[in-house]
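Have a look at the structure below, then the notes.
The values are calculated or read from the model by the stated rules, or taken from the named source; none is laboratory data. It should be emphasised that the depicted structure is a prediction, and the values quoted were computed from it without experimental measurement. Quick reminder, even Gly has a Cβ in these numbers, built from the backbone with ideal geometry, and neighbours come from all protein chains shown.
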């Protein structure tokens with residue numbers, strides 16, 4: 001949360017400095033809140049509903065896997081405690097029996113660790129897949145929004161448009177693009 005305030009403060013400072021400089025040159029700056037725009041578009045609502053459905057499926061699968069892992073952990077704990085009691089009570093006396101019991105406990109423990117690792121990997125994979133799917137699904141919507149922003153900026157003769165939600169530049173008048181001048185200066 002603190003990072004967001006720092007980003008907003010930084011963005012605010014940069015925007016004030018930018019507006020001060022460009023206002024002296026007659027440049028117009030505007031901003032939009034892409035989060036509000038996304039929330040209002042029906043296409044966005046549809047995509048969010050689809051993503052929520054996918055998330056629910058994944059969450060259900062994860063919960064089932066966690067439930068199985070928890071059950072297996074409880075079984076392991078019970079077997080471990082049983083083995084301890086057998087050793088303490090003297091039921092297990094020979095080195096061979098003790099070694100077999102130790103191996104059994106190690107195998108159970110290793111299996112439990114593998115299940116936990118698999119669950120962690122699955123969660124990470126799902127998170128990556130959801131992020132990728134979200135990007136794919138929102139790409140046409142974001143392109144549509146960007147074109148609309150460019151159109152409005154040109155109509156209103158606004159030279160730069162920033163996104164209030166994340167502080168990025170969405171539209172910049174080509175007249176103010178100095179990329180190649182910087183490259184020439186560096187060569």
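Scanning the range 91-100 turns up no residue that is in contact (Cβ under 8 Å) with a residue 12 or more places away in the chain and surrounded by 12 or more Cβ atoms within 10 Å (Cβ to Cβ). Tallying residues that are touching a helix residue (DSSP H, G or I) at 6+ places or on another chain (Cβ under 8 Å) and under 30 Å from residue 38 (Cβ atoms) within the range 97-139 yields 8. So is residue 125 within 28 Å of the chain's Cα centre (by Cα) and modelled with pLDDT of 90 or more or not? Considered against the rule, which asks whether it is within 28 Å of the chain's Cα centre (by Cα) and modelled with pLDDT of 90 or more, residue 125 comes out as yes.
Just the residues that are assigned to a strand (DSSP E or B) and in contact (Cβ under 8 Å) with a residue 12 or more places away in the chain, please, taken from the range 135-187. If the condition is that a residue be assigned to a strand (DSSP E or B) and in contact (Cβ under 8 Å) with a residue 12 or more places away in the chain, then 160, 161, 162, 163, 170, 171, 172 are the ones that fit. Being under 22 Å from the mean Cα position of the chain (by Cα), farther than 25 Å from residue 121 by Cβ and either part of a helix (DSSP H, G or I) or in contact (Cβ under 8 Å) with a residue 40 or more places away in the chain (or both) is not true of residue 51.
May I ask you to list the residues in the range 76-95 that are touching a helix residue (DSSP H, G or I) at 6+ places or on another chain (Cβ under 8 Å) and either under 25 Å from residue 118 (Cβ atoms) or in a helix (DSSP H, G or I) (or both)? Result: 76, 79, 80, 83, 86, 87.
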